[in-house]
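The structure appears right after this line, and notes come after that.
The values are calculated or read from the model by the stated rules, or taken from the named source; none is laboratory data. Everything numeric here is computed off the predicted structure, so don't read it as measured data. Please note: Cβ atoms are built from the backbone with ideal geometry, for glycine as well, and neighbour counts cover all protein chains shown.
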Amino acid sequence: MALAVTTDSVRTLHRLHRQLEDLRGQLTAGPRAIDARTKLLDAASSKLATIQAEVKKAKMVADQKQLQLRSSETRLNDLDAKLNACKTNREYQILQDQIAADKMALKVLEDEILEALERVDSIRLTQPAAEAEVSAAEKVLADIKAKVSAEKAALESEVSRVSGDLERAEAELPPDSRDPYRRSVKSKGADGMAVVDGESCGGCYQQLTGNMVAELSMARVVPCRSCGRLLYMNKDH
């Protein structure tokens, strides 16, 4: 059954609802973009922090081994001094064997120190790229925040204007059309109205009856029997 509302009115309401939905979508898109970029910055900062921690740990290992090296060198010097003071061949041989073992251990320690220092340098090589990634993420985030902040007032003003236009358009609805309109909008929002696509509902694509097409052809508005959307013809129809 046709409603006591004109096609132009429903077309206007549909346009205003879609405008409002788009504007509100733009308003919520800003914070979402900021949140996404904040997470990327957090990830980049975490990566840099991990590299810095690994550098610190690797350097600590190298420092500890260098400390062990100095201690071992001091021990060798002490053994050399004791060697000159040996009174028996057996005592001399024991010290010689100990010095040979300590020198071998010293060589192993020197190799380990070299490896530890190379690891420090290897990790440090990745730090500039991580720092650049953090800087880039900070800049992008700052730019997005500035853009969102600059656009927010204009978008809110436009939402207010379109909301006012929508309220005025809704106030002009005939009494018997208000409940079907409200039900449709409550259920589907801006998608609560649909332009006819050929002889089908532009929302659910259900085929329309001959009577419905006839009503619509006379610039009347009918609800879709399948989805409940308020249907109207194209302006050029």
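Descriptive notes on the structure:
- Taken as a whole, the stretch 29-48 holds no residue that is more than 14 Å from A137 (Cβ to Cβ), assigned to a helix (DSSP H, G or I) and β-branched (V, I, T).
- Residue list for the stretch 53-75, restricted to those being closer than 22 Å to R124 by Cα and surrounded by 15 or more Cβ atoms within 10 Å (Cβ to Cβ): E54, V55, A58, K59, V61, A62, K65, Q66
- Qualifying positions in the stretch 80-109 - among the hydroxyl-bearing types (S, T, Y) and either within 14 Å of Q68 (Cβ to Cβ) or assigned to a helix (DSSP H, G or I) (or both): Y92
- A single member of G189, G203, G228 is touching a helix residue (DSSP H, G or I) at 6+ places or on another chain (Cβ under 9 Å), on the phi > 0 side of the Ramachandran plot, outside any helix (DSSP H, G or I) and not hydrophobic (A, V, I, L, M, F, W, C), and it is G228.
- Filtering the stretch 82-96 to residues that are loosely packed, with under 10 Cβ neighbours inside 10 Å and either polar (S, T, N, Q) or modelled with pLDDT of 85 or more (or both) leaves N84, T88, N89, R90.
- S184 vs. criteria closer than 30 Å to R32 by Cβ and touching a residue at least 24 places away in the same chain (Cβ under 8 Å): yes
- Scope the stretch 125-138; condition assigned to a helix (DSSP H, G or I) and out of contact with any Leu (no Cβ under 8 Å at 6 or more places or on another chain); matching residues: L125, P128, A129, A132, S135, A136
- Pairs are defined by a Cβ separation below 7 Å, a sequence spacing of at least 6 or placement on different chains, a first member in the stretch 100-121 that is touching a residue at least 60 places away in the same chain (Cβ under 8 Å), and a second member that is not β-branched (V, I, T); the pairs so defined are R119/A58; V120/A58; V120/K59; V120/A62.
- A single entry from L166, L141 fulfils the requirement of being under 30 Å from A44 (Cβ atoms) and in a helix (DSSP H, G or I): L141.
- Number of residues in the stretch 205-237 that are in contact (Cβ under 8 Å) with a residue 60 or more places away in the chain, of a type in the set (K, R) and surrounded by fewer than 17 Cβ atoms within 10 Å (Cβ to Cβ): the value is 1.
Yes/no matrix, rows are residues, columns are (1) loosely packed, with under 12 Cβ neighbours inside 10 Å; (2) outside the structural domain of L48 (by TED's automatic domain parsing); (3) over 30 Å from V55 (Cα atoms):
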position: K139; (1), (2), (3): yes, no, no
position: K145; (1), (2), (3): no, no, yes
position: S157; (1), (2), (3): yes, no, yes
position: R161; (1), (2), (3): no, no, yes
position: L166; (1), (2), (3): no, no, yes
position: A169; (1), (2), (3): no, no, yes
position: P180; (1), (2), (3): no, yes, yes
position: K188; (1), (2), (3): no, yes, yes
position: A194; (1), (2), (3): no, yes, yes
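- The single condition among (1) within 25 Å of D165 (Cβ to Cβ); (2) touching a residue at least 12 places away in the same chain (Cβ under 8 Å); (3) acidic (D, E) that D22 does not meet is (2).
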